[in-house]
1. Out of all the residues in the range 117-153, which are surrounded by fewer than 19 Cβ atoms within 10 Å (Cβ to Cβ) and closer than 17 Å to THR187 by Cα?
2. From LEU254, LEU241, LEU245, grab the single residue that is modelled with pLDDT under 90, surrounded by fewer than 20 Cβ atoms within 10 Å (Cβ to Cβ) and in the same structural domain as SER88 (by the TED database).
3. Would you check if TYR215 is surrounded by fewer than 18 Cβ atoms within 10 Å (Cβ to Cβ), in the same structural domain as MET165 (by the TED database) and closer than 19 Å to PRO130 by Cβ?
4. Restricting the first residue to the range 189-201 and requiring it to be farther than 19 Å from GLY211 by Cβ, which pairs with a second residue that is surrounded by fewer than 24 Cβ atoms within 10 Å (Cβ to Cβ) and among the aliphatic types (A, V, I, L, M) meet a Cβ separation below 7 Å and a spacing of at least six or different chains?
5. State which residue is nearest to the chain's Cα centre (by Cα) when the search covers only the range 71-105 and only residues that are open to solvent by 80 Å² or more (accessible area, probe 1.4 Å) and farther than 20 Å from ALA200 by Cα.
6. Within the range 45-52, does at least one residue satisfy the condition of being touching a helix residue (DSSP H, G or I) at 6+ places or on another chain (Cβ under 9 Å), over 21 Å from TRP205 (Cβ atoms), of a type in the set (Gly, Ala, Ser) and assigned by the TED database to the domain that holds VAL133?
7. Restricting attention to the range 33-56, report how many residues are of a type outside the set (Asp, Glu), assigned to a loop (DSSP other than H, G, I, E, B) and without any contact (Cβ under 8 Å) to a residue 40 or more places away in the chain.
Amino acid sequence: MTLNQKILLVGKQALTLIKSHVLVILILLVWQLCVQFEVIPDYLLPSPLQIVQAFIEDFGLLMEHAKYTLATAIIGTTIGLIVSFVLSICMDLSKTIRDLVYPVILLNQTIPTIAIAPLLIIWLGYGITPKVVLVILAVFFPITIALIDGYQSVSREHLNLFKSMKASTYQLYRHLKIPSAMGSFFTGLKVALSYALISAVIAEWLGGYHGLGVYMTRVRKSYDLDSMFAVIFLISFLTILLIALVKWLERRVLRHNFL
């Protein structure tokens, strides 16, 4: 590839990126102008430039708190993944287990995170444990349901083929059901990751010593809206980054679907 072709390719990629984010850019521009020309007072809604300045000023502190929030989200999601895989296989193997467990899973999903977080802090203290438990409760539902749907999407012909070849239960899941469920699994994982960070932050709001939720509580009490918006955008960015990482992993695992 020649230098001109590389420049042209980079230019096309940049243009595509701008087009895909034109609405976001427009909203930020209108927001900035409204605050700059005092249509909205900046003590109620800081401008994007003020938020960027607050982010730069508190960058070190934000990164220190983000480290704890990310650790909580990742640990909780990892444990939730393990629970989801085990539970989904048990529910797929036994209709009795599925009928018994599914209502409990559904009930867990109907309980607001903000309602159960104070109870976990009372029961488990102010450390990382209640926050990890809250993340587990938030993420295992979408992953479990996605996996079960993936297992049940396997065609009857494929199942009969494996049974005719005397495949064991392990071989059936290892070579057929789990690979077939990967598409659904990654969809559920992307939803779960959006829940994970939010759940970790909510738990930190209500009690803790470190984390972005603790930082938000402190700046809220001082009415520092610039820093409040800075941490909100940071949480959104981290969530988007984690989802992008899952999309990259999905393309690697399901490469045959992207040819």
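1. ASP149, GLN152, SER153
2. Every option except LEU254 fails the conditions.
3. Taking the combined requirement at face value, the residue does not satisfy it.
4. As it stands, the answer is LEU189/VAL246; LYS190/ILE243; LYS190/VAL246, since those pairs meet every condition given.
5. Here the answer is VAL86.
6. yes
7. Number of matching residues: 5.
The values are calculated or read from the model by the stated rules, or taken from the named source; none is laboratory data. Bear in mind the structure is a predicted one, so any value in this text is a computation, not a measurement. Positions of Cβ are backbone-derived with ideal geometry, glycine not excepted, and every protein chain shown enters the neighbour counts. Side chains included, ligands, DNA and RNA excluded: accessible areas come from the protein's heavy atoms. Shrake-Rupley method; radii C 1.70, N 1.55, O 1.52, S 1.80 Å.
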